[in-house]
């Protein structure tokens, strides 16, 4: 009798365990179904199509490297004449340099000062979040108004004795060859992101308070505390943001589109690719104006930028070894 009860209990426990295990599998399956389908349709399928388009002739449908040859011919011609793709690459690398070596260090310093909670730090936090609140389109409109004809920048500099040309006074800094390119890159330095400040503040907040106390005992000032404590301890976040900045520059066409539409030597590589796609859309896929050429450019861009990003990631880890606490 006792053995029969034990046997029934064991059977019930085994069945309950199997049922629970089966329900867990069903739950996990349905939880993963949506992201897996999203990956298969919107990443794998679309990217396979792009890869195939890059190697296909836009008219005959034959397979080959004709789209890549077209790009390199255009590249050689533009490089010789100093226009087109050459200008786009120059502006892209300039923007990458500004974002990585001017904007990012400025962002880290600003975040450190906010982290130390100086007087007025709450106002500064709100000020940095305003562009994210109003949206990028509104921020770009304000940017154009800042350097436009009759804008605050021109009025203030005139009051300080700067003599602008009649062309600048009539059309603003973005709408003439003499000032458009330099004004575009200078205003690029002003792009401190409120979201980035939030990420870095979180990274600084995770640093143990004991390290700051030890720094005070050792007589570290703010500058040395920033360099020897905050930056190394938050480098895992800083390094990732630094690498992501380089990658994001190659896909950032919105700023060019909203401010200058690539005119007056301000085009970058992302907007050049975007323009090739617009050309394919406007032509309805007729003749040479198809998606094959933009797909080939996208493959070339991926083949160059992806390894460069990985190398930058390794370099970031070499600069400051990972810190655990």
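A short reminder: the numbers here are calculations on the coordinates, not readings from a lab. Keep in mind that what you see is a predicted model, and the values were worked out from it rather than measured. Cβ atoms come from the backbone with ideal geometry, glycine included; neighbour counts cover every protein chain shown.
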Whether segment 77-155 is rounded, prolate or oblate, judged on the alpha carbon gyration tensor where a/c under 1.5 counts as rounded: oblate
Return a whole-number percent for the relative contact order of the chain, with Cα pairs under 8 Å and 6 or more residues apart as the contact set. 25
For segment 138-277, what does the relative contact order come out to in percent, with C-alpha contacts under 8 Å and a separation of six or more? 25
May I have the pair-distance distribution P(r) for segment 74-214, computed from all Cα-Cα distances with 5 Å bins from 0 and rounded to whole percent? 2, 8, 13, 15, 15, 15, 13, 8, 5, 3, 2, 1, 0
Simple spin-label model, 7 Å along Cα-to-Cβ: residue 73 to residue 145 in nm? 4.8
Going from the fewest other Cβ atoms within 10 Å to the most, one would list 246, 72, 42 as 42, 72, 246
With semi-axes √(5λ) of the Cα gyration tensor in Å as the read-out, I listed [x] 48, 20, 15; [y] 39, 22, 20; [z] 46, 37, 19; which label goes with the value calculated from this structure? [z]
Cβ neighbours within 10 Å, averaged per peptide: list 291-297, 116-122 in order, most packed at the top. 291-297, 116-122
Fewest-first ranking of 95, 196, 23, using other Cβ atoms within 10 Å as the exposure measure: 23, 196, 95
Listing 38, 57 from the residue with the fewest other Cβ atoms within 10 Å to the one with the most, what is the order? 38, 57
Can you give me the distance in nm between label points at residue 211 and residue 182, each placed 7 Å from the Cα along the Cα-to-Cβ direction? 4.2
From the helices alone, meaning DSSP H stretches of at least four residues, give me the mean residue ellipticity at 222 nm for the chain, per-run term -39500 (n - 2.57), in deg cm²/dmol to the nearest 500. -22000 deg cm²/dmol
Mind pulling the per residue volume of the convex hull built on the Cα atoms of segment 135-240? Å³ is fine. 151
Segment 41-141, relative contact order in percent, only Cα pairs under 8 angstrom and at least six apart counted: 9
